[in-house]
Amino acid sequence: MADQRDDKGTNRPKLALHVPEPKYRPGDKVDYSHLNIPEAGEQSRPDEACEAKDTFALCNDLVRVLGDDNQAHGPWDPRLDADTLRQMLREMALVRAFDNRMYRAQRQGKTSFYMKCTGEEATSVCATHALAGDDMIFPSYRQQGCLIARGYELTEMINQIYSNKADKLKGRQLPIMYCSKRLNFFSISGNLATQLPQATGFAMASASKGDSRIAATWVGEGSTAEGDFHSALTFATVYNAPVIFNVINNQWAISSFSGFAGSERATFAARAIGYGMAGLRVDGNDPLAVFAAERWAADRARANAGPTLIEHFTYRAEGHSTSDDPSAYRSAEEREEWPLGDPIMRLARHLIALGEWSDEQQEDMDTELDAIVRKAMKEAEKNGILGHGLHHPFHTMFEDVFEELPWHLEEQAEQAIRERRIKFPGDPAE
Amino acid sequence: MNDMTTETAPAADAGETREMNMIEAINSALDIMLDRDDNVTLLGEDIGYFGGVFRCTAGLQEKYGKTRVFDTPISECGIIGVAVGMGAYGLRPVPEIQFADYIYPGLDQLISEAARLRYRSAAEFIAPMTVRSPFGGGIFGGQTHSQSPESIFTHVSGLKTVIPSTPYDAKGLLISCIEDNDPVIFFEPKRIYNGPFDGYYDKPAKSWKGFEAAQVPTDYYKIPLGKARTVREGDALTILAYGTMVHVVESVARDKGVNAEILDLRTLVPLDIEAIEASVEKTGRCLIVHEATRTSGFGSELSALVQERCFYHLEAPIERVTGFDTPYPHSLEWAYFPGPVRIGEAIDKLLEA
């Protein structure tokens, strides 16, 4: 067959495949001076009902409120009272205490799996504070802070983590894949980004019924590569849906740095521009900025002014999960050198600077919260830990596949129960 | 280069062998194919620098460079879609989907595109890709890290589906898959990556150490697609299995003292129908075992084939032992798993019939 390229390409430059590479690998010295981190308070704050394009400059900026002086600055300062600030601080600290204990519980063999959100607490706790309690949350798997901010009982969370007989999800889900309809917290999926079109659909339904509830959803920056992300944003703009997309850019998706989701060319907030959607890029470790951005987007959605994409720029301080060892692929210095600090410390120092908190109170609170978590663990352990017999009855395994049990599942349930009698003769539990 | 095509254990003259677990055997197959064929290209989430969450691609990016072995965005539809395009150019892509449970966003590219490209272009374009993916349960992975979706793929015209059960088979089959000019789904039973699993979850896990099937030639060799392996010969009944379940049925038959003939199918499509017919004609009884859900599982196809082709040799109704028709539960994983009790009951039923 004749080559249709008459010059056989000889006069053309050679192409080269670009494969992204993170700046630092294990052992490397870390230097974050390339990150453009503006001073707190410098970012303008458009009206919530502005045109989407009036936010586009903010997609390439970084909304920051808390400055190095531990004071709140600029038009994005949400001017929260000290009680609200202390409450957010307490909830973030509770999330961290909970994470630390649950991580250890997994290591002690009490469950199969756990995921911490260390360093990212503000992106769930403070964002949830900016929503109304009946707004619907469509979380990803690192949003334990949303549940804790809505007052979910720790014992219930631990029952789920232990898959024990008191687990409201009946031991069916992987640990941390919570669900609470009562708290307007949608069932977590292990599959990525699937919650985004669902949040859009919920928001469309609320709008079509003339309701006032909005939807907020969370996704990691890595998962914005999934097709579902793009479907969700398209639908949200087409129908002007009252939905908030929180993209948690914590820099790492297991071992893949954010460059594998496109961060070498554009910010994640800037994804909004192509859709004609409002976009904000915020310092995710600044609790006040996170609250302010989420409240802005919520007010916008509630005013029928449309969806918002918020990129929370933060850092995953720990491994992806208990199955991951980040020392194999990234420099340990990254966490130490992270220039946006720690959200809990930043809010604590702000409260101290306001004369509303002290180091001593912080220490006492940490001790108290750890005791609260340990008490909840003890309580939950009475209902069993994973693999130690105290699980839901076998028949529950076959329930909820459908609303009504068809004949074949009834037969299979009988089979499972018969097998149990053979395996454990004389044991009455089924 | 040692071009052996034996389908049983390596012969004495097979060259150097080394004890490998299934992960190392898969790594060795990929290493050899990257070395032999410049068009072989590996892509997938976390497979590059990190070497894969199960370590199957460890060291390969360092050895072959970032344009031959690279990480991808988290987009299964993208991973499989670009593999179709790479194949159209002439590469031989080996995409990894981190867990089979995550393959669904890639189904349009697999089913509508890769599987039909040869047919719809009258073979002008082909999709010579091997999609590797860990599958199956038994690791407390919950419903999103435990599924066995093989029958979704066996149902699609134009896809081959291959499932190894030993390190030796994994390497030889994977090399055949990569050299194959059609799209292949290569499901790796993750429960037996590090050692065979006999179904007794409360006993300590075994490693592959000391198992004959873990003696893997360090060089190139192939196991042909479409050829089953006779795990053990017997005349009491035929047991058809693949992946993890091969080891479970082997231990159950041994413990029960049943003289079963066990066939490890290795390739579901194309299926070794001759081996199945010959065995069932000999034993007159057939048990089919898989971990996947029962309804429309691959066992249904096997059962239909045996009935159609061996009916007059059958001395008992065909039995199926499978996972239940529920999502894979977390806490009741071992109640779900088709373990020794379920298999034992079915064997008794078949032999008493």
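Within the range B:229-352, DSSP assigns beta bridges of which about 20% are antiparallel (rounded to the nearest 5).
Distance between the modelled labels on A:Asp427 and A:Asn304, one decimal in nanometres: 6.0 nm (7 Å Cα→Cβ projection).
With a Förster radius of 22 Å applied to the beta-carbon distance between A:Ser187 and A:Glu403, the computed FRET efficiency rounds to 0.85. Pairs of alpha carbons in the protein assembly as shown separated by more than 47 Å make up 25% of all such pairs. Among B:Ile276, A:Ile417, the ranking by other beta carbons within 10 Å of each residue's beta carbon, starting with the fewest, stands as A:Ile417, B:Ile276. Quick one: which of B:Lys256/B:Lys282; A:Lys23/B:Lys206; A:Lys23/A:Lys378; A:Lys168/B:Lys349 span more than 32 angstrom between C-alpha atoms? Violating the 32 Å Cα-Cα cut-off are A:Lys23/B:Lys206; A:Lys23/A:Lys378; A:Lys168/B:Lys349. Rounded to the nearest 0.05, what FRET efficiency is calculated for A:Ser208 and B:Ile273 with R0 set to 45 Å and r the Cβ-Cβ distance? After rounding, the FRET efficiency stands at 0.25.
In a simple Cβ point-charge model (Lys, Arg +1; Asp, Glu -1; nothing else charged), the range B:17-217 has a dipole of about 160 debye relative to its Cα centre. Summary of the geometry: the range A:173-209 and the range A:368-430, compared by the centres of their Cα atoms, lie 25 Å apart. In loop segments of the range A:1-100 as defined by DSSP, the GluC sites (Glu not before Pro) with at most 16 further C-beta atoms inside 10 Å of their C-beta are A:Glu39, A:Glu42, A:Glu51. Cβ crowding within 10 Å, taken as a proxy for footprinting-reagent exposure, orders A:Thr237, A:Thr308 from fewest neighbours to most as A:Thr237, A:Thr308. Each residue in A:Trp218, A:Trp407, B:Trp334 was given a count of other beta-carbon atoms within 10 angstrom of its own, and listing them fewest first yields A:Trp407, B:Trp334, A:Trp218. Positive end of the dipole of chain A (Cβ unit charges, origin at the Cα centre): among A:Gly151, A:Gln106, A:Phe260, the Cα lying farthest that way belongs to A:Gln106. The chymotrypsin sites (Phe, Trp or Tyr not before Pro) of the range A:26-112 that meet both conditions, a loop assignment by DSSP and at most 16 other Cβ atoms within 10 Å of the site Cβ, are A:Tyr32. Taken about its Cα centre, the protein assembly as shown carries a charge dipole of roughly 400 debye when the Cβ of each Lys and Arg holds +1 and the Cβ of each Asp and Glu holds -1. Here the spin labels are modelled as points 7 Å beyond Cα on the Cα-Cβ line, and at A:Asp134 and A:Met345 they lie 4.2 nm apart.
The residue among B:Pro327, B:Pro317, B:Leu263 whose Cα reaches farthest toward the positive pole of the charge dipole of the range B:229-352, with charges on the beta-carbon of Lys, Arg, Asp and Glu, is B:Pro327.
Counted over the protein assembly as shown, the DSSP beta bridges are approximately 20% antiparallel. If only the Cβ of Lys and Arg carry +1 and only the Cβ of Asp and Glu carry -1, the dipole of the range A:345-399 around its Cα centre is close to 280 debye.
When the Cα positions of A:Trp76, A:Thr128, A:Ala193 are compared along the charge dipole of the range A:56-209, A:Ala193 comes out farthest toward the positive end, with charges on each C-beta of Lys, Arg, Asp and Glu. Measuring r between the beta carbons of A:Lys168 and B:Thr17 and using R0 = 60 Å, the FRET efficiency lands at 0.70. Any chance you could check the Cα centroid distance between the range B:115-174 and the range A:69-145 for me, in angstrom? Here the two parts' Cα centres lie 40 Å apart.
Bear in mind that the values in this text are calculations on the coordinates, not laboratory data. What you see is a predicted model; the values in this text were computed from it and never measured. Please note: Cβ atoms are built from the backbone with ideal geometry, for glycine as well, and neighbour counts cover all protein chains shown.
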